[in-house]
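Taken together, the values in this text are just the output of simple stated rules run on the coordinates, not laboratory data. This structure is a prediction, so every number in the text was calculated from the model and none was measured. When we count neighbours, we look across all protein chains shown, and the Cβ atoms used for this are built from the backbone with ideal geometry, even at glycine.
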Amino acid sequence: MAQIKCLLLSGANNHDWKRSSPFLKRVLEESGKFEVTITESPSAVLEDAQALADFDLIFSDYNGPDWSDLAKHNFEAAVASGTGLVVMHAADNAFPGWTEYEKMVGLLWREGTGHGQFQEIEVKITDFDHPITRGLSDFRTWDELYHKLVHMHAVPYRVLATAWSDPEKGGTGRDEPVMIVTQYGRGRVYHHVLGHVWEGSDMRALENEGFQKTLVRGCEWAATGDVT
């Protein structure tokens, strides 16, 4: 089977992208399913629509300065025409006011969103009928659990897994979504809410087997529509 060509957007984040992006590239490539190109200048790369057409998947580990209008246009066109998109953790914080990006992600960090302490959580699979989660089991991990993500523009979304937000550790006292899928035109979007790596912190959130398994499956589904 031909490898999935993935463009990993990096170069700015309020999290430690200098460690997370190379680690994510390694996880995807070690699965044997992906060929990953990292860019630390996503706006410039996205301005080249012809080069962008070579990729089956765009993976955003980016939360930083706005892109050019041309980069945004090409990004929207690529996903709408069927290029898969994966958005991880703080990438759902990005681009307030960019309506089309908000439509892709569906649930975003906006005013009113927060998180409790970095803590051990149990990820519970709530939808076993989706290719990403079919046959999977619940798993435990350490992570920063976002709560009260804001539903934008009435976009339909499907929650595949949740985790309990412990009120004793700054949470909401309810189950919060951690794995979400949406559709943007012909493009499949996988939103992996987990994946917190702070500068100077350990990498437990990314090193977790359950995190990696669900991420790889989500990336494959976004690119191809199925999971092998």
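Counting only residues that are under 30 Å from Phe118 (Cβ atoms) and touching a Phe, Trp or Tyr at 6+ places or on another chain (Cβ under 7 Å), how many does region 44-65 have?
Qualifying residue count, region 44-65: 1.
Of the residues Lys5, Lys33, which is basic (Lys, Arg), in contact (Cβ under 8 Å) with a residue 12 or more places away in the chain and within 14 Å of Thr83 (Cα to Cα)? Spell out how you get there, then give the answer.
Values: Lys33 fails: within 14 Å of Thr83 (Cα to Cα).
Of the residues listed, the single one that is basic (Lys, Arg), in contact (Cβ under 8 Å) with a residue 12 or more places away in the chain and within 14 Å of Thr83 (Cα to Cα) is Lys5.
Determine, yes or no, whether Asp226 is in a loop (DSSP other than H, G, I, E, B) and free of Cβ contacts under 8 Å to residues at least 60 places away in the same chain. Before the answer, list the steps.
Values: in a loop (DSSP other than H, G, I, E, B): yes; free of Cβ contacts under 8 Å to residues at least 60 places away in the same chain: no.
No.
For Val36, state whether it is buried (at least 20 other Cβ atoms within 10 Å of the Cβ) and within 29 Å of Lys148 (Cα to Cα). Don't jump to the end; show me each part of the working.
Working: buried (at least 20 other Cβ atoms within 10 Å of the Cβ): yes; within 29 Å of Lys148 (Cα to Cα): no.
No; evaluated as a whole, the condition is false for this residue.
Take the residues of region 125-179 that are farther than 19 Å from Val197 by Cβ and aromatic (Phe, Trp, Tyr): which is surrounded by the fewest Cβ atoms within 10 Å (Cβ to Cβ)?
Phe128
Could you look through region 40-63, keep only residues that are within 17 Å of Gln3 (Cα to Cα) and touching a helix residue (DSSP H, G or I) at 6+ places or on another chain (Cβ under 6 Å), and pick out the one that is surrounded by the most Cβ atoms within 10 Å (Cβ to Cβ)?
Leu57
Criterion first (more than 19 Å from Tyr184 (Cα to Cα) and surrounded by 19 or more Cβ atoms within 10 Å (Cβ to Cβ)) does Asn13 satisfy it?
Details: more than 19 Å from Tyr184 (Cα to Cα): yes; surrounded by 19 or more Cβ atoms within 10 Å (Cβ to Cβ): yes.
Here the answer is yes, as Asn13 does meet what is asked.
Given the residues Val155, Val181, Val189, Val216, which is the only one that is part of a helix (DSSP H, G or I), β-branched (Val, Ile, Thr) and under 19 Å from Ser60 (Cβ atoms)? Lay out the reasoning, then the answer.
Working: Val155 fails: part of a helix (DSSP H, G or I); Val181 fails: part of a helix (DSSP H, G or I); Val189 fails: part of a helix (DSSP H, G or I).
None of the others qualify; the one that does is Val216.
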